[in-house]
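> Structure incoming, see below.
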Amino acid sequence: MLHKLHKLSGLLVCLLAGGLVAPRSARADGAVYAMTNALGKNEIIVYHRASNGKLNFTQRIATGGGGSGIQLDPTDSLGSQGSLLLDFQSGRLFAVNTETRSNDLVDRQDVGDCQEGTISSFQVNRNGQLDLVDRIPSGGLFPNSLTIHRNLLYVLNAGGPGLNPFCGIGPNITGFRVSNSANIRPFPNATMPINPGTSPGSFLNCDPGSAIFSTEEFRCGLNPPAFPRSPAQIRFTPNHEKLVVTVKGTNTIYVFPLSSNGRPRSPRLTQIGNTFQPTPFGFAFTKMYDSSKSYLVVTEPFGATSTIPASPASAVSSFEIGDDGELTPITRSLPNGQGTSCWIAIAPSGEYAYIANNATSNISSYRIGSDGSLTLLASVAAQANSPNDLAIGYEDGKSFLYVLNSGNGTIGAYQISNDGSLTSLGSVGGLPSNAGAIGLAAY
């Protein structure tokens, strides 16, 4: 009994530390938020979450900006995780707007699309619905991921060719200050560059005269960036002392230490896997109930091969982050036998990780040990439809996994059992089908 009480107490601490609590003002049940990412008119779709985890549509609200549309892949048009961010404690929601000019192939071959992206902010009402508060330039091109701690917001701007950009600005992270009412203002001297690298070989050939480039299959650092090589995600570490960024094109994970006022300093870079094979994509942190340590769990959509193969060849790795930003591998590239594993969500207990496999239209599950080690629980834990982003809601001891099915424009709902298995609760529509929808958040 004492062990069970200790575990429950530790779990509550874990939930509070991880942000899985209702926003400050009490609300009935919960909500799930999804982003259309539509060209010219990006919108957020709001779903009411009942206590049993099932969803019902309640609101459609414009961000005031434009998304990326279909771009290079209509089921993964941002090439990122974390494009829609819910601040649970304060009841604020943030969304990226790439402000992309066109999805027309001819226009995309014109490298003059140097439109700066924007960030939109919302207040979450007591019923879970949204009020648009602000929209501000993102400080770069093609913003695709967000992270927040208290009133410090960072965005990952993924567009632009390398460190000597055609558009005058390259990929970067940029910081902002956010008021309690969700107004955003720039945070001076809080920008650091990200190098997407150059990718040799025919798969990611950056020669403008090559057939691959001319067919726009994989743009090399322009705007929009190529999804297999662009920076993918930004997030605070659990102790909020560092920022972590994954960069697919250089197979690199950046760890930025933060000064006492929250500004980023020079990062420590760790290259994982093969130098020439872009792979680290989405990531999440887990903090076990009986451990003071937290671990970084990273998806690898192309596995650990020396070249990018046809699916299935995906994997997941785990790391411990040192005080100096060094990544120590715990489990290296554990395969799941599925295709393009890009997005990850970790159950509130910290024991289970769920992976969205876009190419094979399913979800895999992993067990996370108290030492951060990984074990494949189920290669196929649930079926989906070209899934991308994942989110988890929690209420009264029950937790629910939600997945954005970009292939048919639905949100799939699952209850998470104590053994990590998933039980389908059905799905609800409201998003465009196979047309660029991406971004998911829940409470």
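The numbers here are math on the coordinates, done by the rules we state, and not lab data. Just so it is clear, the structure is predicted and the values come from calculations on it, not from any experiment. All Cβ positions, glycine included, derive from the backbone under ideal geometry; neighbour counts span all protein chains shown.
> Residue-wise, which Karplus ³J(HN,Hα) couplings in Hz belong to segment 429-443, taking 6.51 cos²θ - 1.76 cosθ + 1.60, θ = phi - 60°, and x for glycine or proline?
Working through the residues one at a time gives x, x, 9, x, 8, 6, 9, x, 4, 6, x, 8, 8, 7, 8 Hz.
> Now for a different question. Measuring from label point to label point, each 7 Å out along Cα→Cβ, what is the Ser370 to Asn56 span in nm?
4.3 nm
> Oh, and also: Let a ≥ b ≥ c be the square roots of the eigenvalues of the Cα gyration tensor of segment 304-443; is it rounded (a/c under 1.5), or, if not, prolate (a/b larger than b/c) or oblate?
Oblate shape, in that a/c is at least 1.5 and b/c is the bigger or equal ratio.
> Once the other residues with Cβ under 15 Å from the Cβ of Gly139 are scored (Lys, Arg +1; Asp, Glu -1), what is the net sum?
After counting each charged neighbour, the total is +1.
> Lysine pairs in segment 29-442 with alpha-carbon atoms under 22 Å apart, 8 or more places apart or on different chains: how many are there? It would help to have the intermediate numbers written out before the result.
Values: Lys54/Lys398; Lys242/Lys287; Lys242/Lys293; Lys287/Lys398.
Lysine pairs satisfying the spacing and distance rule in segment 29-442 number 4.
> Something else now. Order by neighbour count: Glu326, Glu241, fewest other Cβ atoms within 10 Å first, most last.
Glu326, Glu241
> Also: Based on the alpha-carbon gyration tensor of segment 29-442 and its eigenvalue square roots a ≥ b ≥ c, which shape applies: rounded if a/c is under 1.5, prolate if not and a/b is larger than b/c, or oblate?
rounded
> At a threshold of 8 angstrom on Cα-Cα distance, excluding pairs fewer than six apart, so keeping six or more, what relative contact order does segment 29-442 reach in percent?
On the way: 1289 pairs, mean separation 56.8, N = 414.
With pairs under 8 Å counted, the relative contact order is 14 percent.
> Given H placed 1.01 Å from N in the peptide plane, which residues other than close sequence neighbours of Gly439 have an amide H under 5 Å from its amide H?
Close amide H contacts, sequence-distant or interchain: Met35, Asp389.
> Residue by residue, what Karplus-based ³J(HN,Hα) values in Hz, rounded to whole numbers, does segment 176-183 have, using 6.51, -1.76 and 1.60 with θ = phi - 60° and x for Gly and Pro?
9, 9, 10, 7, 4, 8, 6, 6
> Sticking with this structure for a sec: Cβ neighbours within 10 Å, averaged per peptide: list 83-93, 121-131 in order, most packed at the top.
Values: 83-93: 22.8, 121-131: 19.1.
Ranked from most to least packed, the peptides come out as 83-93, 121-131.
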